[in-house]
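See structure below.
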Amino acid sequence: MTITVVATVSDLWRVLQKHRAEGRAVGFVPTMGFLHDGHASLMRAAAEGNDIVVASIFVNPLQFAANEDLSTYPKDVEADTALAEANGVDVLFVPHVDEMYPDGPVLTSVYVSELSDRLEAGTRPTHFSGVATVVTKLFSIVGPCRAYFGEKDFQQLAIIRRMVRDLSMPVEVIGCPIIREPDGLAMSSRNVYLTADQRPKALVLRRALDAGVAEIESGQRVVQPVLDAMAEIINHEPEAVLDYVAVVDAASLEAPDVIAGELRLLVAATVGIPRLIDNQGIFVS
Ligand code: AMP
């Protein structure tokens, strides 16, 4: 099927109404565009598990703080449309800010407490209420669906899962693995901000995660030495500025007392211009 690109909520409703009338299951992939193979993997998963795939491209002002990269966020709608079509998207929703927020600043927002107050919140305190609000809005525009999110944004995935359960949203959330460049750098639209010189240095995030995993695999069961091993890798790279390293329980995102169970190692650092994040799961019996 050729891709249908729509810019308004009413057009999207019209298109989806026809599919739903014929009993088609809808897969949904929300994005901010400048698509890469990480996004494509979500689209392919959605195409495999559903009859019809909707993807959205919307750079949501609510989730950017004043000092962040809203105005410079990379954009290429033509290439995105081709990538989406090649990866099984049937309907691409690309609304303008005025379509999503016709009354200006929202008076209603969604905030998932506790899960939104740690990790990324240290430097981005308002970020996740912006994310939860726009995802709620997109879910109510798209309607009942399976929604695909990347583990690349692990905290975001945990927040959306909890929000859907808490608010009984008619959405099944599917988490998908992190897609990496051949050298191990997690794919991100923001990697485009890296200069040729900084690009190899961005691998410190991956190396920090590897160092944490190696500590654990060598028998370390105390959290702090694992964090130290991760931080040391980042701090050795002069171009990188460490934001945080963390080891958390994969479900609660809380720091464990000892290294055991289903855990997630996370890292955030600025390399040159972009602030990059990455994470890695590990199970310790
Ligand atoms: P974004 O456009 O950055 O808002 O991301 C849209 C969706 O793609 C989110 O669910 C992300 O977690 C997911 N995503 C971004 N990068 C990757 C990646 N490298 N691997 C898997 N999923 C990703």
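The values are calculated or read from the model by the stated rules, or taken from the named source; none is laboratory data. None of these values were measured; they are calculated from a predicted model. Virtual Cβ from ideal backbone geometry, glycine too; neighbours counted across all protein chains shown.
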- Item | Only listed residue being of a type in the set (G, A, S), more than 15 Å from the chain's Cα centre (by Cα), under 20 Å from V142 (Cα atoms) and at pLDDT 95 or above, chosen from A79, A55, A84 | A84
- Query: Out of all the residues in segment 260-271, is one or more more than 25 Å from Y73 (Cα to Cα), of a type in the set (S, T, N, Q) and out of contact with any Cys (no Cβ under 8 Å at 6 or more places or on another chain)?
  - Reply: no
- Message: Restricting to segment 170-212, name every residue that is over 30 Å from V135 (Cβ atoms) and away from the ligand (no atom under 16 Å from the Cβ).
- Response: T195, A196, D197, Q198, P200, K201, V204, R207, D210, A211
- Item | Cross-chain or 6+ apart pairs with Cβ under 6 Å, segment 30-41 first and over 16 Å from C176 (Cα atoms), then near the ligand (Cβ under 6 Å from one of its atoms) and modelled with pLDDT of 95 or more | F34/S189
- Item | Test result for R206, farther than 23 Å from T126 by Cβ and of a type in the set (K, R) | yes
- Item | Subset of segment 127-152 [in contact with an Asp or Glu (Cβ under 9 Å, 6 or more places away or on another chain) and within 21 Å of R44 (Cβ to Cβ)] | C145, R146, A147, K152
- Item | Failed criterion for R146 (all others in (1) more than 9 Å from the ligand (Cβ to nearest atom); (2) closer than 18 Å to A251 by Cα; (3) assigned to a strand (DSSP E or B); (4) touching a Phe, Trp or Tyr at 6+ places or on another chain (Cβ under 9 Å) hold) | (2)
- Message: Tell me the residue from I234, I259 that is part of a helix (DSSP H, G or I) and modelled with pLDDT of 95 or more, please.
- Response: I234
- Task: Please determine, by comparing only the residues of segment 134-178 that are among the hydroxyl-bearing types (S, T, Y) and free of Cβ contacts under 8 Å to residues at least 12 places away in the same chain, which one is surrounded by the fewest Cβ atoms within 10 Å (Cβ to Cβ).
- Result: S168
- Query: Can you name the number of the only condition in (1) over 22 Å from T8 (Cβ atoms); (2) within 16 Å of the ligand (Cβ to nearest atom); (3) modelled with pLDDT of 95 or more that L92 fails?
  - Reply: (1)
- Message: Looking at (1) within 13 Å of the ligand (Cβ to nearest atom); (2) over 25 Å from P105 (Cβ atoms); (3) not aromatic (F, W, Y), which one does G130 not meet, given that it meets all the others?
- Response: (2)
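Can you name the residue in segment 1-12 that is assigned to a helix (DSSP H, G or I) and surrounded by 15 or more Cβ atoms within 10 Å (Cβ to Cβ) and, of all such residues, is nearest to the ligand (Cβ to nearest atom)?
L12
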